[in-house]
């Protein structure tokens, strides 16, 4: 089998590399690099562009489940070989998002309206599906709430306050979120990925805010051993301001003040990732966008 890559993320090595299969799903296959142990992700064309991703032009009925963990892969001269599969990388578009360029300004009426619409639809969807995390509840003090939702709410309120004060003295909130919840990517990790994305959108040209976000990313990376390999990969890239195109395109639409069918389509696409991962990440994104000194808590 010989296919061509449609796009490759910024983190894909430009030099030759060796790797082994880490985990396999129908439309996704993760490779672990031999030299630094980081993960790369092969995806079918229907999946999103990822910072560490290689999106491959494959038939609709293709499945990566023909491969198994531990199988060896090698990339030489821009050709990635995995068993009987050869993927040409040479002419693929290199993908990278630029969240700081969005310069989110929630004091702009159109941007605020866009944010509010996404917030309302997200919460309606979460309540309809009875998800463990409901964004609006993260800001509510309710003694009846227990378990993961309570821990997530307490941690997100601390993070929100830290971002408004630009003070990261207390890192307990980050420690509490990483690895919190069940699933391939736990809810606490997904919230953090989205939150980091929202913060990067609003960094603008503020040096103090940029330092805060960079320091926050360093703490996230230092504590990411508390979660699994796949989730740790997404946290690492979010700390660098790099997230999936589904989340970054939604962020761009909000920051541009869109309030159209395209905004709803991008929101639905972002929310549909995983069981609740997409909704958790969008929750974090919206909170990150308003975590500025001029914006009061919800």
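Quick note: the coordinates plus some simple rules give every number you see, no bench work behind them. These numbers were taken from a predicted model, which means no experiment stands behind them. Neighbour counts run over all protein chains shown; Cβ positions are idealised from the backbone, glycine included.
Observations on the structure shown:
- In the chain, the DSSP beta bridges split such that about 70 percent are antiparallel, to the nearest 5.
- Using C-alpha pairs under 8 Å with a sequence gap of at least 6, the mean separation divided by the residue count of region 2-95 gives a relative contact order of 38 percent.
- Part-to-part distance (alpha-carbon centres) for region 171-192 and region 220-244, which is given in Å: 10
- Distance-filtered residues of region 126-154 - backbone nitrogen under 16 Å, label point 7 angstrom along residue 170 Cα→Cβ: 139-141, 151-154
- Checking (i) 121; (ii) 133; (iii) 193 against the coordinates, the calculated volume of the Cα convex hull per residue in Å³ falls under label (ii).
- Look at 80, 106 and count the other Cβ atoms within 10 Å of each Cβ; fewest to most, that gives 106, 80.
- Residue order, fewest to most beta carbons within 10 Å, for 275, 68, 22, 237: 68, 275, 22, 237
- Fewest-first sequence of 131, 113 by Cβ atoms within 10 Å of each Cβ: 113, 131
- Pairwise label distance in nanometres, residue 79 with residue 35, each label 7 Å out on the Cα-Cβ vector: 2.1
- In the chain, Cα pairs under 8 Å separated by at least six residues give a relative contact order of 20 percent.
- The angle between the Cα long axis of helix 229-239 and the main principal axis of the chain comes to about 60°, on a 0 to 90 degree scale.
- Computed from label points 7 Å out along Cα-Cβ, the spacing between residue 2 and residue 208 is 5.9 nm.
- Here's the picture: a label point sits 7 Å out from the Cα of residue 101 along the beta-carbon direction, and within region 244-285 the residues with their amide nitrogen under 18 Å of it are 244-258.
- Taking every C-alpha pair closer than 8 Å and separated by at least 6 residues, the mean separation divided by the residue count of region 54-115 gives a relative contact order of 15 percent.
- Inter-site label distance for residue 219 and residue 128 at 7 Å from Cα along Cβ, in nm: 3.6
- Cα gyration tensor category, rounded, prolate or oblate, for region 1-150 with a/c compared to 1.5: prolate
- Net lengthening on full extension, residue 18/residue 112 (0.36 nm per residue, minus Cα-Cα): 29.2 nm
- The chain: angle of helix 277-289 to the longest principal axis, Cα-based, in degrees nearest 10: 50
- Folded to 0 to 90 degrees: helix 187-201 orientation relative to the chain principal axis, Cα: 80
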